[in-house]
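Below: one structure, written as structure tokens.
The values are calculated or read from the model by the stated rules, or taken from the named source; none is laboratory data. Since the structure is predicted, the reported quantities are computational estimates derived from the model, not experimental observations. Cβ: placed from backbone, ideal geometry, glycine included. Neighbour counts: every protein chain shown. Keep in mind that these areas ignore ligands, DNA and RNA; they rest on the heavy atoms of the full protein, side chains included. Shrake-Rupley method; radii C 1.70, N 1.55, O 1.52, S 1.80 Å.
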Amino acid sequence: MRGVTRLLVRGQCVAVAFFAATAAFAQEADMGSASGFSSPALNSYAPAIDELPLAQTAVGLGKITLAAQLTSNGADITRGLVWRIFGPKPGPDGKLPLVASAQGGSSSFQLAPGSYLVHASFGRAGATKKITVGRDSKHESLVLDAGGLKLNAVLAGGERVKPSLLKFSVYEAKADAKGQRALIIPDVSPNTVIRLNSGNYQIVSTYGSVNAVTRSDIKVEAGKLVEATIEHHAAELTMKLVREPGGEAIADTSWSIISDSGDPVREFVGAYASMVLAEGEYTIIAKNRDRLYQKDFRVESGKNQEVEVIASEDAADQTDEAD
């Protein structure tokens with residue numbers, strides 16, 4: 001069994017909702033494949049070295065077996081771990097020397113007796129522990145205190161957002177003195193399981209590439225997979241300049257989209273202007289052959305539409321007078 005927490009986050013600002021989780025899951029196979037991120041805790045360590053001897057058999061070395069769990073009472077993680085073992089004293093460059101590394105699940109090492117620093121990373125989750133190696137075989141465990149986060153998004157009414165237009169970024173929940181949050185993972189695709197240490201995070205969900213952005217606070221619990229669905233209030237639009245309703249789009253058109261507050265939202269050049277816009281009131285200004293045409297329109301969440309701007313003399317004259 002694995003614990004799964006599902007939640008739906010609504011709104012354009014910050015909102016949090018949690019449902020009760022079931023029993024904690026233990027196998028890391030349920031945690032997905034988002035293990036391509038290096039732990040930020042390793043900045044002060046030496047880089048990994050290729051072809052390190054992981055299983056030496058020289059006389060005088062001690063054997064140590066390392067295992068990691070998501071929670072203190074969880075089963076051993078069987079794959080997806082990255083082990084790094086560092087010497088206790090910094091080298092001339094001020095970094096701890098990397099003496100051994102391995103990938104997978106539980107791993108055994110033959111090391112000279114002494115003290116070492118072990119770091120286990122599991123996606124973006126990680127833990128560090130000081131160990132002592134002696135002549136006799138020894139077993140050490142690290143508790144990662146980690147869980148998983150799986151993200152998706154819907155529109156008002158429950159319609160799924162197109163995965164190709166959706167990205168998530170994970171930030172630290174706490175802002176610094178300047179109000180900035182540290183970016184942990186950028187550009188996460190929907191339905192990707194992210195491994196994270198337990199704690200609070202801010203999720204930024206971007207639908208399209210203009211202004212459909214939702215921020216949400218989400219809590220990750222150790223040993224549980226949180227499935228968060230964020231609600232966007234936006235729609236996909238295609239704009240074209242035509243000489244008559246239903247006509248062909250006029251090429252070589254420059255587009256400017258302005259919000260109801262007068263702020264520029266997006267500029268585009270082409271016969272068609274396709275984009276995702278957040279719900280609200282906008283004005284389109286289309287320029288073709290030094291003539292300007294404009295139209296006011298409204299975006300309603302989930303209602304994709306084609307907006308036609310008519311290239312009539314009346315519309316052009318009205319725009320010219322406004323200038």
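A few comments on the model shown:
- Built from the Cα atoms of segment 203-323, the convex hull projects on average onto 8.8 nm², one quarter of its surface area.
- For segment 180-285, GluC sites (Glu not before Pro) meeting the loop criterion (DSSP other than H, G, I, E, B) and having at most 12 other Cβ atoms within 10 Å: GLU248.
- Treating each Cα of segment 106-225 as an identical point scatterer and summing with the Debye formula, the log10 of I(q)/I(0) at q = 0.11, 0.18, 0.19, 0.20 Å⁻¹ comes to -0.52, -0.96, -1.03, -1.10.
- Computed with a 1.4 Å probe on the full set of protein chains, the accessible area for SER209 sits at about 90 Å².
- Projected onto planes of every orientation and averaged, the convex hull of the alpha-carbon atoms in segment 205-253 covers 5.7 nm².
- Theoretical gain in end-to-end length, THR128 to ASP76 [0.36 nm per residue, Cα-Cα removed]: 17.1 nm
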